[in-house]
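In what follows, a single structure is set out as C-alpha cells and then discussed.
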Amino acid sequence: MSHNVINSIFFQNKYSTKWMREVFSDENYIQKVLDIEAALARAQAKAGIIPLKAAETITEKAKSELIDLEELKKQIEKTSHPFIPLLKVFTSICGEAGQYVHWGATTQDIMDTAMMLQIKDAHEGLFEKLLTLNKSLAERSNQHKELIMMGRTNGQHALPITLGFKFAVWTAETQRHIQRMLDYEKRIFVGQFSGAVGTLASIREHGMKVRQLFFEELGLQEPI
C-alpha cells in the first residue's frame, strides 16, 4: 500500500485528480523537457546560431514516446543525476542534429522551465474549472433570488435570507479568486535561461536575443 496519499489507490481521488496527476507525471515532465529543448533549438535557428534543419529534426524528435523509460530509469539510478541521462538519450535520438541539442544551456535552465510549464498547465486547467464554477453559481443566484431560507449564525437558525443571496456570496468569492489568478499570471510564469553561472557567455552576443525568442516560443516571460 502506498504511503503517499496522492498515489494511494484509496485516497488519491480525495486529495488529487487523474488530470492533475497527469500534469505532474514523469511522462509529462519528460515531454516538457523535450518541448523546451525543441523551443531552444528553434530560437537559436532564428538567431542564426544553429542550422534550421537541425532545429526541425530536434523538434520532430521531441516526443516522450520515443524515450525508453526503463532505460532512462536505469541511467538515472546509475548516475544519480536527474537530467543528464535524459539529455543523452534525446541527443542520440536526434542523430546528427543531436550535436545542437541543449546548445548554450545549463541543467537548471531546463529543469526550472519544465516545472514552470507544468505549473502553467495546472493553472490553465484550474482557471477553466473556476470559470465554470463561477458561471454556475451566478446562474443559481439568479434562479433562486426569491427562494426564502433560514440564515444561520453559530450553527443555529437566524434571520431569513434567500438561497440566491447565498449563491451570490459564493459567486463574488469565486470572482475574487479569478482576479487573483489573473493578477499572478503577470508575475509567476517566468522561464529560466542563463547558461552556466548565469552569464549567457556560451552564446556570446546572441544571448539576449536567443532568450527573447526562446520564451516567445514557450509562452513565458523573460526573467529580469
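The values are calculated or read from the model by the stated rules, or taken from the named source; none is laboratory data. Owing to the predicted nature of the structure, the values given are computational and were not obtained by experimental measurement. Backbone-built Cβ (ideal geometry, glycine too); neighbour counts: all protein chains shown. The protein model used for the area step is the full one, side chains on, heavy atoms only, and it has no ligands, DNA or RNA in it. Shrake-Rupley method; radii C 1.70, N 1.55, O 1.52, S 1.80 Å.
Computed with a 1.4 Å probe over protein heavy atoms only, the accessible surface of the chain comes to 62 Å² per residue. Let me know the shape class of segment 1-133, please: from the alpha-carbon gyration tensor, a ≥ b ≥ c as square roots of the eigenvalues, rounded when a/c is under 1.5, otherwise prolate if a/b is greater than b/c, or oblate. Since a/c reaches 1.5 but b/c is at least a/b, the shape of segment 1-133 is classed as oblate. Rounded to the nearest whole Hz, the Karplus-based 3J(HN,Hα) values (6.51 cos²θ - 1.76 cosθ + 1.60, θ = phi - 60°) of segment 34-51 follow the sequence 5, 4, 5, 4, 5, 5, 5, 4, 5, 4, 6, 5, 4, 7, x, 8, 10, x, with x at glycine and proline. Under 5 Å between amide hydrogens, built in the peptide plane, is the criterion, and for THR162 it picks out MET149 among residues at least 5 positions away or on other chains.
Taking Lys and Arg as +1 and Asp and Glu as -1, the other residues whose beta-carbon sits under 15 Å from that of THR113 total -4. The distance linking segment 163-211 with segment 1-49 is 18 Å (Cα centroid to Cα centroid, whole angstrom).
With all protein chains in place and ligands, DNA and RNA left out, the 1.4 Å accessible area ranks ILE203, ILE9, ILE161 as ILE9, ILE161, ILE203, largest first.
Mean-square fluctuations from a GNM of the chain, with a 10 angstrom spring cutoff on Cα atoms, peak among SER202, SER92, SER136 at SER136.
Amide H contacts of VAL190: GLN221, each under 5 Å away and 5 or more positions distant or on a separate chain (H built 1.01 Å from N in the peptide plane; Pro and chain starts excluded).
Within the same chain, lysines fewer than 8 places from LYS53 are excluded, and of the rest, those with a Cα less than 18 Å from its Cα are LYS61, LYS63. Within the accessible area of the chain, the carbon and sulfur atoms contribute 56%, probe 1.4 Å, all protein chains present.
Checking the cross-link pairs LYS14/LYS135; LYS129/LYS209; LYS14/LYS129; LYS186/LYS209 against a 28 Å limit on the alpha carbon distance flags LYS129/LYS209 as lying beyond it.
Extension gain, ASP183 to GLU22: 0.36 nm times the residue separation minus the Cα-Cα distance gives 55.4 nm. Across the chain, C-alpha contacts under 8 Å between residues 6 or more apart give a mean separation that, scaled by the residue count, equals a relative contact order of 21 percent.
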